[in-house]
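What follows is a short report on a single structure.
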Amino acid sequence: MISLRNMIYRLSLIAWKYWPFGHRTKWLAQIALNARFMVGAMALIEDEQGRVLLGRHTYRTKHPWGMPGGWLKANESLSEALAREVREEIGLVVEVGEVVWIGSGYQQPRLDIVCRAKVIGGQLQPSLEISEAHYFAYDELPAGLMPDQRAIFGMLRRRGNRPGAIASTPADLDPDQGSQ
């Protein structure tokens, strides 16, 4: 016996298949009916000694230290957004590389993506968003580092900082992170 819920679902799929109002209205309906997420991009920038570049963010009080990065804007690619954010925050020009971590599951509707980035120009300088930036060894990360980023660095160290992406939720990184 088919449930009422399944019958409504099947009818909605048939209606969707034969939607008479064009693709633009179909797209608008999808936007209206689906969840929206903010997408954050962070740059994992390492120097020749394998140290990671972290900035002291001026707008964070509890955990000011973290990777440079920010939110994607509409119609902006991940690489464009990350290159823009790094240039705005610390004055460096970077070439965006592979994705090393993807995370979701926060209380806010957001998706965070960490990519390797290689410095190809510019000069390290503070901004309104980052008051100072320094390279840190993975075993000497500063107090005040964002807890999820500390956990990401721990995961990278455990796997030998090898290429490849890790997808997880904050709870996967640390059981205490899922509640933040």
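The values are calculated or read from the model by the stated rules, or taken from the named source; none is laboratory data. Just so it is clear, the model here is predicted, and its values are computed rather than measured. A quick note on method: Cβ atoms are made from the backbone with ideal geometry, for glycine too, and the neighbour counts reach across all protein chains shown.
Is it true that some residue in the range 62-80 is touching a residue at least 40 places away in the same chain (Cβ under 8 Å) and over 26 Å from ALA137 (Cβ atoms)? No, the range 62-80 contains no residue that is touching a residue at least 40 places away in the same chain (Cβ under 8 Å) and over 26 Å from ALA137 (Cβ atoms).
Checking the structure you have, find out if any residue of the range 92-106 is modelled with pLDDT under 85 and under 23 Å from THR58 (Cα atoms).
Within the range 92-106, one or more residues are modelled with pLDDT under 85 and under 23 Å from THR58 (Cα atoms).
Within the range 139-158, restricting attention to residues that are loosely packed, with under 15 Cβ neighbours inside 10 Å and in contact with a Phe, Trp or Tyr (Cβ under 7 Å, 6 or more places away or on another chain), the residue that is modelled with the highest pLDDT is PRO142.
When you scan the range 119-132, do you find a residue that is surrounded by 13 or more Cβ atoms within 10 Å (Cβ to Cβ), of a type in the set (A, V, I, L, M, F, W, C) and over 11 Å from GLY55 (Cβ atoms), even just one? The answer is yes; a qualifying residue exists. None of MET38, MET67, MET42 is in contact with a Phe, Trp or Tyr (Cβ under 6 Å, 6 or more places away or on another chain) and either buried (at least 16 other Cβ atoms within 10 Å of the Cβ) or of a type outside the set (Lys, Arg) (or both) except MET38. Contact map, the range 11-40: residues that are outside any helix (DSSP H, G or I) paired with residues that are aromatic (Phe, Trp, Tyr) and surrounded by 10 or more Cβ atoms within 10 Å (Cβ to Cβ), Cβ distance under 6 Å, separation 6+ or inter-chain. Pairs shown: MET38/TRP71; GLY40/TRP71. Only a single item in (1) buried (at least 19 other Cβ atoms within 10 Å of the Cβ); (2) modelled with pLDDT under 90; (3) of a type outside the set (Lys, Arg); (4) more than 26 Å from ALA35 (Cα to Cα) is not met by LEU173, and it is number (4).
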